[in-house]
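Engineer: Before anything else, here's the structure in question.
The values are calculated or read from the model by the stated rules, or taken from the named source; none is laboratory data. Computed from a prediction, not measured in an experiment: that's the story for all the values here. Because the Cβ atoms are built from the backbone with ideal geometry, glycine has one as well, and the counts that use them run over all protein chains shown. Areas reflect the complete protein model, heavy atoms only, side chains present, ligands, DNA and RNA absent. Shrake-Rupley method; radii C 1.70, N 1.55, O 1.52, S 1.80 Å.
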Amino acid sequence: MQNIFLQVNTTQMLIGLIVGVVALIVMVLFTRIHAFLALILAALITALIGGVPGANIPGMITGGFGGTLGSIGIIIGFGVIMGQIFEESGAAERMARTFIRLFGKGREGLALALTGFIVSIPIFCDSAFVILFPIAKSISQKTRKNLVYLAGALAIALGVTHTVVPPTPGPLFVADEFGVGLGTMILWGLLIAIPMTIAGIAYVAWVSKKLIIVPDEEGISRRLETNDTKGSHYDLKEEPTRELPGTFISFAPILIPILLIVLNQVITQLFTVSEGVRNVLAFIGNPVPAVAVGVLIAIYGLAWGVKRDALMKHMDRGIRSAGIILLVTGAGGALGNVIRATGVGDTIANQITRWGIPAILIPFLIATIIRFIQGSGTVALVTAASISAPILANTNVSPVFAALAAMVGGLFFSYFNDSYFHVVNRSIGISTSKEQLRFWSGATTAAWAVGIVVVVILNAILGGVVR
């Protein structure tokens, strides 16, 4: 790779990068080309216009693609299988009911938010919302509480952790691209997700004062002028209509892998242990074995009542859905490798230093722009990390906070080009574009704004310590 760098003109390579990024945006926004193909073509355009010898370009792209999937592809595959089992087994619904019982009457919104906060770690927020929304609607119908607030609190919590907490594919790729350990990324992602979720819920609560929707006795969502909360107490004993798994086994596939990963890092960093213990911890705390344990718990704990053929069908469905995620993730790695291998990232980093632009804002701004243009948070995260990680590699910016900044940017202003925007608004019954934008676009932007403020503050205080 060093030989390639010596043969590349820096100015020409910068032009190639600019043209490649513009081409990527145009292809995703204005053509029928899929994000996977667009990323690969952007990498090719960047390298060709940048003056990279043609014989070296295929190796750079395949090397970046394979290197990325080699480190996180297995975890993504495990994650989608686990998520599929969660959907089919009713574990997500069990979590919601557990939190509602725990928090009690009057705190249903908080219970739904906490459910979403945890459930979206292994399950895509779109799917998780579809699974859990009937619970929010039923609570609203029986208590006359505003569905906008109940479902909004659920939706924003799902969206935040989906965007900033691995092992969902976007955050997982960002952590890998910036070289941040999975355990470290989970801890910091959860930490930053808390104020972001609170901000989003606070905004939803404010909007729901004037936007009031409550299902009638037939389950049809109706607009109300005032929120009448004199309905009967929601009795969970009436539900569910199907047998659900137990509470412990429902939480275990998520919590045990996280515990193993975090435990490895905490013990090895804070305590002196023997080489044998260190090796054991390094094995069970590695993301691949840890998440594999979670998958096995899900299969034998949650899917015990499912016939083998049906279980295989569910897992096959999850693996098929992982295909496009893996392709987009690997393509992002290919683009990042072109930028990294040619040395153009170092040139941009040096220029940014001379301009005085806070480097921590680079991944944030890229993710924000890409998110606004094409709607997908995952594509925004992959693109931002692919471009900015090589740029920031030789700066003094903490890779942890740079990764967090990229993730936060991926939540900006969800609107018409985001599928989750339509899932949330249509499910609740918000029909006019003005109200949809005011409600959901505003909620995601509130979480986004608070997120970057917190990241910048943390970076200013701990950026020299947390690496």
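Engineer: What pairs in Lys142/Lys307; Lys142/Lys313; Lys145/Lys307; Lys137/Lys434 have C-alpha atoms more than 30 Å from each other? Let's see the in-between values first.
Structural biologist: Values: Lys142/Lys307 35 Å; Lys142/Lys313 36 Å; Lys145/Lys307 39 Å; Lys137/Lys434 23 Å.
As for pairs spanning more than 30 Å Cα to Cα, those are Lys142/Lys307; Lys142/Lys313; Lys145/Lys307.
Engineer: Here is a follow-up. Just from the alpha-carbon atoms, what are the Rg and Dmax of the chain in angstroms?
Structural biologist: Calculated on Cα positions, Rg and Dmax stand at 22.8, 75 Å.
Engineer: Let me ask another. I'd like the accessible area for Leu361, computed on protein heavy atoms only with a 1.4 Å probe and all protein chains in place. Round to 10 Å², please.
Structural biologist: Ignoring ligands and nucleic acids, Leu361 comes out at about 50 Å².
Engineer: Over the chain, what is the mean sequence separation of C-alpha contacts under 8 Å (at least six apart), divided by residue count, expressed as relative contact order in percent?
Structural biologist: Values: 782 pairs, mean separation 105.1, N = 467.
Rounded, it is 23 percent for the chain.
Engineer: Another one. Please arrange Asp126, Asp316, Asp418 by accessible surface area, largest first, computed with a 1.4 Å probe and ligands excluded.
Structural biologist: Asp316, Asp126, Asp418
Engineer: What whole number of Å gives the distance from the Cα centroid of region 392-442 to the Cα centroid of region 452-467?
Structural biologist: 22
Engineer: Not counting the cut sites, what is the longest span of the chain without chymotrypsin sites (Phe, Trp or Tyr not before Pro) that DSSP labels loop and that have at most 13 other Cβ atoms within 10 Å?
Structural biologist: 1-270
Engineer: Give the share of C-alpha pairs in each 10 angstrom bin for region 68-163, from 0 to the last occupied bin, in whole percents, shortest bins first.
Structural biologist: Final binned percentages: 18, 47, 25, 8, 2, 0.
Engineer: Continuing with this model, one more query. At 24 Å minimum axial length over the Cα atoms and a Kyte-Doolittle cut of 0.0, report the qualifying DSSP H helices in the chain, or say none. Can you show the working numbers first?
Structural biologist: Numbers: long enough: 10-30 (29 Å, 2.50); 57-89 (46 Å, 1.12); 125-143 (26 Å, 0.72); 147-164 (25 Å, 1.82); 182-207 (36 Å, 1.92); 247-270 (32 Å, 1.91); 308-342 (50 Å, 0.41); 442-462 (29 Å, 2.12).
Qualifying helices: 10-30, 57-89, 125-143, 147-164, 182-207, 247-270, 308-342, 442-462.
Engineer: How fast does region 381-452 diffuse by Stokes-Einstein, in µm²/s, taking the Kirkwood radius from C-alpha pairs at 37 °C and 0.692 mPa s?
Structural biologist: After rounding, the answer is 240 µm²/s.
Engineer: May I ask you to give the solvent-accessible area per residue for the chain, in square angstrom, as obtained with a 1.4 angstrom probe?
Structural biologist: Heavy-atom SASA per residue in the chain reads 42 Å².
Engineer: Right, something else. What residues from region 152-167 fall in the zone where the backbone N is under 14 Å from a label point 7 Å along the Cα-to-C-beta line of Leu259?
Structural biologist: none
Engineer: Sorted by accessible area (1.4 Å probe), largest first, how do Lys210, Lys145, Lys313 line up?
Structural biologist: Solvent-accessible surface, decreasing: Lys210, Lys313, Lys145.
Engineer: Each label point is 7 Å from the Cα along the Cα-to-Cβ direction; what then is the distance between the points at Lys313 and Arg223, in nm?
Structural biologist: Inter-label distance under the simple model: 4.2 nm.
Engineer: Now a separate question. Quick one: if you stick a label point 7 Å off each Cα along the C-beta vector at Val277 and Val19, how many nm between them?
Structural biologist: That separation, rounded to one decimal, is 5.9 nm.
Engineer: Could you tell me what percent of the accessible area of region 127-217 is made up of carbon and sulfur, with a 1.4 Å probe and every protein chain present?
Structural biologist: 64
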